[in-house]
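To keep things clear, I will list the structure first and then write my remarks on it.
The values are calculated or read from the model by the stated rules, or taken from the named source; none is laboratory data. Quick caveat: nothing in here was measured; it's all calculated off a predicted structure. Positions of Cβ are generated from backbone atoms using ideal geometry, with glycine treated the same way; all protein chains shown enter the neighbour counts.
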Amino acid sequence: MVIKLIKGRCKFLKDWPDWDINIHEQEAQIERQGRSIHYPFTFTIDKAKKVGRFSSTSVLPYYDTSLSSCTCFDFQERKLPCKHIYRLAVELGYIEIINRPSFDKKAVEEIRSSDDIDAAPDQVKRQKSALKCKPIEIDFENKCGTFKGSGKNPYHTTLNDCTCRDFTVRNLPCKHIYRLRMELENPTSKKELQENLNSEFEKDYGKDLLRKLSQEAATAYIYSISFDWSSSSKIKEDILNELVKSELVEISKDLPITLKFLQKKDLFLICDEFDVQYKRSFSKSSLISAIINGLDSNNTNNLMEKLPFSIRRNIKAENIFGSIKYLYHKLYPTDYSEYTVDF
(Lines give C-alpha, C1' and ligand atoms only; values in the text may rest on other atoms or scores of the structure.)
Protein backbone atom coordinates (compact mmCIF):
# COMPACT_ATOMS: atom_id res chain seq x y z
CA MET A 1 0.00 0.00 0.00
CA VAL A 2 1.34 3.41 -1.02
CA ILE A 3 0.52 6.24 1.36
CA LYS A 4 0.35 9.93 0.35
CA LEU A 5 1.40 9.30 -3.23
CA ILE A 6 0.19 12.17 -5.45
CA LYS A 7 -1.15 11.64 -8.97
CA GLY A 8 -2.85 14.58 -10.65
CA ARG A 9 -4.82 16.25 -7.87
CA CYS A 10 -5.27 12.98 -5.97
CA LYS A 11 -3.30 12.49 -2.77
CA PHE A 12 -3.68 8.79 -2.02
CA LEU A 13 -4.47 8.04 1.61
CA LYS A 14 -4.84 4.30 1.05
CA ASP A 15 -4.62 1.78 -1.75
CA TRP A 16 -7.24 2.14 -4.53
CA PRO A 17 -6.64 -0.92 -6.72
CA ASP A 18 -9.60 -0.47 -9.08
CA TRP A 19 -7.63 1.77 -11.46
CA ASP A 20 -4.17 2.07 -12.95
CA ILE A 21 -2.77 4.82 -10.77
CA ASN A 22 -1.22 6.66 -13.73
CA ILE A 23 -4.57 7.49 -15.37
CA HIS A 24 -5.18 10.07 -12.64
CA GLU A 25 -2.45 12.23 -14.19
CA GLN A 26 -4.33 12.69 -17.45
CA GLU A 27 -5.59 16.26 -17.92
CA ALA A 28 -9.17 15.08 -18.48
CA GLN A 29 -9.03 13.21 -15.18
CA ILE A 30 -7.54 16.18 -13.33
CA GLU A 31 -10.50 18.29 -14.48
CA ARG A 32 -12.91 15.70 -13.08
CA GLN A 33 -10.99 15.57 -9.82
CA GLY A 34 -11.53 19.31 -9.38
CA ARG A 35 -15.22 19.10 -10.25
CA SER A 36 -15.72 16.30 -7.75
CA ILE A 37 -15.15 18.85 -5.00
CA HIS A 38 -16.78 21.97 -6.46
CA TYR A 39 -19.73 20.55 -8.41
CA PRO A 40 -23.00 21.21 -6.48
CA PHE A 41 -24.52 17.74 -6.55
CA THR A 42 -26.29 16.06 -3.65
CA PHE A 43 -25.37 12.55 -2.57
CA THR A 44 -25.73 9.81 -0.01
CA ILE A 45 -22.87 7.46 0.88
CA ASP A 46 -23.10 3.89 2.17
CA LYS A 47 -19.66 3.48 3.74
CA ALA A 48 -20.21 -0.17 4.60
CA LYS A 49 -20.93 -1.12 0.98
CA LYS A 50 -18.56 1.54 -0.41
CA VAL A 51 -21.18 2.93 -2.80
CA GLY A 52 -22.94 6.25 -3.30
CA ARG A 53 -25.94 7.77 -5.04
CA PHE A 54 -25.45 11.18 -6.69
CA SER A 55 -27.84 13.67 -8.30
CA SER A 56 -27.31 17.18 -9.68
CA THR A 57 -30.90 18.43 -9.48
CA SER A 58 -34.31 17.23 -8.40
CA VAL A 59 -35.43 16.63 -12.00
CA LEU A 60 -32.42 14.54 -12.99
CA PRO A 61 -32.11 10.80 -12.54
CA TYR A 62 -29.69 9.75 -9.81
CA TYR A 63 -26.44 7.95 -10.52
CA ASP A 64 -25.33 4.87 -8.60
CA THR A 65 -21.61 4.92 -8.02
CA SER A 66 -18.95 2.53 -6.75
CA LEU A 67 -15.18 2.90 -6.68
CA SER A 68 -14.97 1.15 -10.05
CA SER A 69 -18.13 2.18 -11.94
CA CYS A 70 -20.94 4.70 -12.24
CA THR A 71 -24.23 4.83 -14.13
CA CYS A 72 -23.63 8.42 -15.30
CA PHE A 73 -23.18 9.20 -19.00
CA ASP A 74 -19.57 10.30 -18.58
CA PHE A 75 -18.48 6.95 -17.15
CA GLN A 76 -20.58 4.89 -19.56
CA GLU A 77 -18.93 6.66 -22.50
CA ARG A 78 -15.32 6.77 -21.26
CA LYS A 79 -15.07 3.89 -18.77
CA LEU A 80 -12.75 6.06 -16.69
CA PRO A 81 -13.33 7.66 -13.27
CA CYS A 82 -15.98 10.40 -13.37
CA LYS A 83 -16.48 13.19 -10.85
CA HIS A 84 -18.90 10.98 -8.90
CA ILE A 85 -16.30 8.22 -8.50
CA TYR A 86 -13.67 10.70 -7.36
CA ARG A 87 -16.05 12.25 -4.82
CA LEU A 88 -16.97 8.80 -3.52
CA ALA A 89 -13.26 8.01 -3.11
CA VAL A 90 -12.88 11.25 -1.15
CA GLU A 91 -15.84 10.50 1.11
CA LEU A 92 -14.56 6.97 1.77
CA GLY A 93 -11.09 8.24 2.66
CA TYR A 94 -9.19 6.78 -0.29
CA ILE A 95 -7.97 10.11 -1.64
CA GLU A 96 -7.80 13.80 -0.88
CA ILE A 97 -8.19 16.33 -3.70
CA ILE A 98 -5.39 18.89 -3.51
CA ASN A 99 -4.86 22.18 -5.33
CA ARG A 100 -3.64 21.99 -8.90
CA PRO A 101 0.09 21.24 -8.97
CA SER A 102 2.15 24.23 -10.03
CA PHE A 103 4.27 24.05 -13.14
CA ASP A 104 7.91 23.09 -12.87
CA LYS A 105 9.44 26.58 -12.84
CA LYS A 106 12.90 25.30 -13.71
CA ALA A 107 11.61 23.40 -16.75
CA VAL A 108 9.62 26.43 -17.90
CA GLU A 109 12.68 28.68 -17.60
CA GLU A 110 14.73 26.20 -19.62
CA ILE A 111 12.14 26.30 -22.40
CA ARG A 112 12.04 30.10 -22.38
CA SER A 113 15.84 30.31 -22.68
CA SER A 114 16.13 27.66 -25.41
CA ASP A 115 16.99 28.54 -29.01
CA ASP A 116 13.83 26.89 -30.34
CA ILE A 117 10.91 27.13 -27.91
CA ASP A 118 8.52 25.31 -30.23
CA ALA A 119 10.80 22.25 -30.38
CA ALA A 120 10.63 21.64 -26.61
CA PRO A 121 8.76 18.38 -25.83
CA ASP A 122 6.16 20.17 -23.68
CA GLN A 123 5.51 22.61 -26.53
CA VAL A 124 5.25 19.83 -29.10
CA LYS A 125 2.50 18.30 -26.94
CA ARG A 126 0.60 21.57 -27.12
CA GLN A 127 1.00 21.71 -30.89
CA LYS A 128 -0.56 18.25 -31.14
CA SER A 129 -3.40 19.35 -28.86
CA ALA A 130 -3.91 22.38 -31.10
CA LEU A 131 -4.98 20.09 -33.94
CA LYS A 132 -8.05 19.12 -31.88
CA CYS A 133 -8.73 22.65 -30.63
CA LYS A 134 -11.63 24.18 -32.58
CA PRO A 135 -11.86 27.99 -32.67
CA ILE A 136 -15.16 29.75 -32.10
CA GLU A 137 -14.04 32.74 -34.15
CA ILE A 138 -10.92 33.94 -35.97
CA ASP A 139 -10.33 37.62 -36.74
CA PHE A 140 -7.95 37.37 -39.69
CA GLU A 141 -7.50 41.13 -40.01
CA ASN A 142 -6.46 41.70 -36.39
CA LYS A 143 -4.81 38.28 -36.03
CA CYS A 144 -6.68 37.14 -32.94
CA GLY A 145 -9.22 34.46 -32.06
CA THR A 146 -11.76 33.17 -29.57
CA PHE A 147 -11.80 29.62 -28.19
CA LYS A 148 -14.14 27.71 -25.94
CA GLY A 149 -13.08 28.04 -22.30
CA SER A 150 -13.14 25.47 -19.52
CA GLY A 151 -15.79 27.50 -17.68
CA LYS A 152 -18.48 29.96 -18.72
CA ASN A 153 -16.13 32.44 -20.40
CA PRO A 154 -14.26 31.84 -23.68
CA TYR A 155 -10.52 32.33 -24.13
CA HIS A 156 -9.33 35.35 -26.11
CA THR A 157 -6.12 34.66 -27.98
CA THR A 158 -3.55 36.65 -29.94
CA LEU A 159 -0.23 35.52 -31.39
CA ASN A 160 1.49 36.68 -28.21
CA ASP A 161 -0.90 35.94 -25.36
CA CYS A 162 -4.02 34.08 -24.26
CA THR A 163 -6.44 34.30 -21.34
CA CYS A 164 -6.27 30.56 -20.64
CA ARG A 165 -4.67 29.27 -17.44
CA ASP A 166 -1.86 27.48 -19.26
CA PHE A 167 -0.53 30.69 -20.81
CA THR A 168 -1.18 32.77 -17.69
CA VAL A 169 0.92 30.45 -15.53
CA ARG A 170 3.69 29.50 -17.98
CA ASN A 171 3.83 32.57 -20.26
CA LEU A 172 4.65 30.23 -23.14
CA PRO A 173 2.60 29.44 -26.26
CA CYS A 174 -0.48 27.38 -25.38
CA LYS A 175 -2.54 25.17 -27.70
CA HIS A 176 -4.81 28.12 -28.52
CA ILE A 177 -1.88 30.25 -29.72
CA TYR A 178 -0.59 27.36 -31.83
CA ARG A 179 -4.04 26.80 -33.33
CA LEU A 180 -4.35 30.53 -34.09
CA ARG A 181 -1.02 30.35 -35.93
CA MET A 182 -2.29 27.39 -37.94
CA GLU A 183 -5.46 29.23 -38.92
CA LEU A 184 -3.63 32.40 -39.96
CA GLU A 185 -0.97 30.50 -41.93
CA ASN A 186 -3.52 28.46 -43.89
CA PRO A 187 -4.67 30.49 -46.95
CA THR A 188 -7.90 28.47 -47.26
CA SER A 189 -8.66 28.59 -43.55
CA LYS A 190 -10.67 31.82 -43.67
CA LYS A 191 -13.11 30.50 -46.27
CA GLU A 192 -13.48 27.09 -44.62
CA LEU A 193 -13.97 28.58 -41.17
CA GLN A 194 -16.60 31.01 -42.44
CA GLU A 195 -18.46 28.17 -44.17
CA ASN A 196 -18.45 26.19 -40.92
CA LEU A 197 -19.69 29.16 -38.93
CA ASN A 198 -22.45 29.83 -41.46
CA SER A 199 -23.65 26.24 -41.12
CA GLU A 200 -24.02 26.54 -37.35
CA PHE A 201 -27.14 27.53 -35.46
CA GLU A 202 -27.61 31.13 -34.40
CA LYS A 203 -27.78 31.49 -30.62
CA ASP A 204 -31.41 32.67 -30.55
CA TYR A 205 -32.49 29.87 -32.90
CA GLY A 206 -30.88 27.24 -30.67
CA LYS A 207 -32.60 28.70 -27.62
CA ASP A 208 -35.97 28.62 -29.40
CA LEU A 209 -35.44 24.94 -30.18
CA LEU A 210 -34.83 24.22 -26.49
CA ARG A 211 -37.98 26.12 -25.47
CA LYS A 212 -40.04 23.86 -27.73
CA LEU A 213 -38.95 20.76 -25.79
CA SER A 214 -40.70 19.49 -22.69
CA GLN A 215 -38.71 19.72 -19.46
CA GLU A 216 -38.04 15.97 -19.56
CA ALA A 217 -36.77 16.08 -23.16
CA ALA A 218 -34.70 19.20 -22.48
CA THR A 219 -33.12 17.48 -19.47
CA ALA A 220 -32.27 14.45 -21.60
CA TYR A 221 -30.73 16.73 -24.24
CA ILE A 222 -28.56 18.52 -21.69
CA TYR A 223 -27.52 15.56 -19.54
CA SER A 224 -28.15 12.23 -21.31
CA ILE A 225 -26.51 12.78 -24.70
CA SER A 226 -23.39 14.58 -25.93
CA PHE A 227 -21.83 15.69 -29.22
CA ASP A 228 -20.42 12.16 -29.63
CA TRP A 229 -22.61 9.29 -30.80
CA SER A 230 -24.27 7.16 -28.13
CA SER A 231 -26.98 4.52 -28.09
CA SER A 232 -30.59 5.71 -27.98
CA SER A 233 -31.51 2.67 -25.86
CA LYS A 234 -30.83 4.52 -22.60
CA ILE A 235 -33.51 7.17 -23.27
CA LYS A 236 -37.18 6.55 -22.46
CA GLU A 237 -39.25 5.96 -25.58
CA ASP A 238 -41.63 8.92 -25.19
CA ILE A 239 -38.73 11.32 -24.59
CA LEU A 240 -36.77 9.81 -27.47
CA ASN A 241 -39.72 10.29 -29.83
CA GLU A 242 -39.80 13.96 -28.90
CA LEU A 243 -36.06 14.45 -29.25
CA VAL A 244 -35.77 12.94 -32.72
CA LYS A 245 -38.27 15.51 -34.01
CA SER A 246 -36.04 18.36 -32.83
CA GLU A 247 -33.23 19.92 -34.85
CA LEU A 248 -31.14 19.91 -31.68
CA VAL A 249 -30.29 16.23 -32.20
CA GLU A 250 -29.02 14.00 -34.98
CA ILE A 251 -29.64 10.30 -35.37
CA SER A 252 -27.68 7.63 -37.22
CA LYS A 253 -28.58 4.15 -38.35
CA ASP A 254 -25.06 3.50 -39.54
CA LEU A 255 -24.17 -0.06 -38.55
CA PRO A 256 -20.51 0.51 -37.53
CA ILE A 257 -21.56 3.31 -35.18
CA THR A 258 -24.38 1.27 -33.65
CA LEU A 259 -22.33 -1.89 -33.11
CA LYS A 260 -19.66 -0.19 -31.02
CA PHE A 261 -22.22 0.43 -28.25
CA LEU A 262 -23.02 -3.27 -27.90
CA GLN A 263 -21.27 -5.65 -25.52
CA LYS A 264 -19.18 -8.54 -26.84
CA LYS A 265 -21.80 -11.07 -25.76
CA ASP A 266 -24.35 -9.28 -27.96
CA LEU A 267 -21.93 -9.27 -30.88
CA PHE A 268 -21.43 -13.03 -30.46
CA LEU A 269 -25.21 -13.51 -30.65
CA ILE A 270 -25.38 -11.46 -33.84
CA CYS A 271 -22.60 -13.54 -35.39
CA ASP A 272 -24.45 -16.75 -34.50
CA GLU A 273 -27.81 -15.50 -35.78
CA PHE A 274 -26.45 -14.34 -39.14
CA ASP A 275 -23.84 -17.10 -39.60
CA VAL A 276 -20.89 -14.73 -39.42
CA GLN A 277 -17.55 -16.51 -39.02
CA TYR A 278 -15.65 -15.51 -35.88
CA LYS A 279 -13.46 -16.78 -33.05
CA ARG A 280 -14.21 -16.45 -29.36
CA SER A 281 -10.80 -14.84 -28.97
CA PHE A 282 -11.73 -11.94 -31.27
CA SER A 283 -11.49 -8.46 -29.80
CA LYS A 284 -14.57 -6.26 -29.92
CA SER A 285 -13.24 -4.31 -32.91
CA SER A 286 -12.50 -7.57 -34.75
CA LEU A 287 -16.03 -8.81 -34.06
CA ILE A 288 -17.50 -5.59 -35.44
CA SER A 289 -15.35 -5.88 -38.58
CA ALA A 290 -16.41 -9.50 -39.03
CA ILE A 291 -20.09 -8.56 -38.80
CA ILE A 292 -19.82 -5.61 -41.18
CA ASN A 293 -17.87 -7.63 -43.76
CA GLY A 294 -19.95 -10.78 -43.28
CA LEU A 295 -23.43 -9.36 -43.89
CA ASP A 296 -25.06 -8.70 -47.23
CA SER A 297 -27.30 -5.65 -47.69
CA ASN A 298 -30.51 -7.53 -46.80
CA ASN A 299 -29.11 -8.91 -43.56
CA THR A 300 -27.62 -5.52 -42.72
CA ASN A 301 -31.07 -3.93 -43.04
CA ASN A 302 -32.67 -6.73 -41.03
CA LEU A 303 -30.13 -6.31 -38.26
CA MET A 304 -30.51 -2.52 -38.11
CA GLU A 305 -34.27 -2.91 -37.65
CA LYS A 306 -33.58 -4.85 -34.45
CA LEU A 307 -30.94 -2.51 -33.03
CA PRO A 308 -31.39 0.88 -31.34
CA PHE A 309 -30.19 3.76 -33.51
CA SER A 310 -27.45 6.15 -32.41
CA ILE A 311 -28.08 9.70 -31.23
CA ARG A 312 -26.06 12.82 -30.48
CA ARG A 313 -26.51 16.55 -30.10
CA ASN A 314 -26.54 18.33 -33.46
CA ILE A 315 -22.99 19.57 -34.03
CA LYS A 316 -24.46 22.80 -35.44
CA ALA A 317 -25.25 23.71 -31.83
CA GLU A 318 -21.78 22.91 -30.44
CA ASN A 319 -20.52 26.48 -30.19
CA ILE A 320 -23.73 27.78 -28.60
CA PHE A 321 -24.31 24.86 -26.24
CA GLY A 322 -23.16 26.92 -23.26
CA SER A 323 -25.92 29.45 -23.95
CA ILE A 324 -28.49 26.69 -24.43
CA LYS A 325 -27.49 25.04 -21.16
CA TYR A 326 -27.62 28.38 -19.36
CA LEU A 327 -31.18 28.91 -20.67
CA TYR A 328 -32.13 25.43 -19.46
CA HIS A 329 -31.16 26.37 -15.90
CA LYS A 330 -33.08 29.63 -16.23
CA LEU A 331 -36.20 27.80 -17.41
CA TYR A 332 -35.96 25.06 -14.81
CA PRO A 333 -34.21 26.56 -11.76
CA THR A 334 -33.21 24.35 -8.85
CA ASP A 335 -31.51 24.86 -5.53
CA TYR A 336 -28.25 23.82 -7.16
CA SER A 337 -26.76 25.03 -10.41
CA GLU A 338 -23.30 24.50 -11.81
CA TYR A 339 -23.43 28.15 -12.88
CA THR A 340 -23.23 29.23 -9.24
CA VAL A 341 -19.78 27.70 -8.87
CA ASP A 342 -16.55 28.95 -10.40
CA PHE A 343 -14.53 25.94 -11.51
Does segment 151-158 include one or more residues that are over 27 Å from Ile324 (Cβ atoms) and at pLDDT 90 or above?
yes
Of the residues that make up segment 240-247, is at least one under 21 Å from the mean Cα position of the chain (by Cα), surrounded by 15 or more Cβ atoms within 10 Å (Cβ to Cβ) and either assigned by TED's automatic domain parsing to the domain that holds Pro154 or at negative phi (or both)?
yes
Do we have any residue at all in segment 205-216 that's of a type in the set (A, V, I, L, M, F, W, C), assigned to a helix (DSSP H, G or I) and surrounded by 15 or more Cβ atoms within 10 Å (Cβ to Cβ)? yes
Inside segment 87-133, the number of residues satisfying the requirement of being crowded, with 18+ Cβ neighbours inside 10 Å, among the charged types (D, E, K, R) and in contact (Cβ under 8 Å) with a residue 60 or more places away in the chain is 0
Residue pairs qualifying under the 7 Å Cβ cut-off, at least six apart or on distinct chains, with the first in segment 282-306 being farther than 15 Å from Leu262 by Cα and the second being among the polar types (S, T, N, Q) and outside any helix (DSSP H, G or I), are Gly294/Gln277
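Yes/no matrix, rows are residues, columns are (1) assigned by TED's automatic domain parsing to the domain that holds Ala217; (2) at positive phi; (3) of a type in the set (S, T, N, Q); (4) surrounded by fewer than 17 Cβ atoms within 10 Å (Cβ to Cβ):
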| site | (1), (2), (3), (4) |
| --- | --- |
| Asp18 | no, no, no, yes |
| Glu25 | no, no, no, yes |
| Gln29 | no, no, yes, no |
| Asp46 | no, no, no, yes |
| Cys70 | no, no, no, no |
| Ile85 | no, no, no, no |
Being outside any loop (DSSP other than H, G, I, E, B), among the polar types (S, T, N, Q) and modelled with pLDDT of 90 or more narrows Gln194, Gln123 down to just Gln123
Over segment 135-165, the set of residues within 20 Å of Glu31 (Cβ to Cβ) and in contact (Cβ under 8 Å) with a residue 24 or more places away in the chain is Ile136, Phe147, Lys148, Ser150, Gly151, Lys152
Here the residues within segment 256-278 that are crowded, with 18+ Cβ neighbours inside 10 Å, of a type in the set (A, V, I, L, M) and outside any loop (DSSP other than H, G, I, E, B) are Leu259, Leu267, Ile270
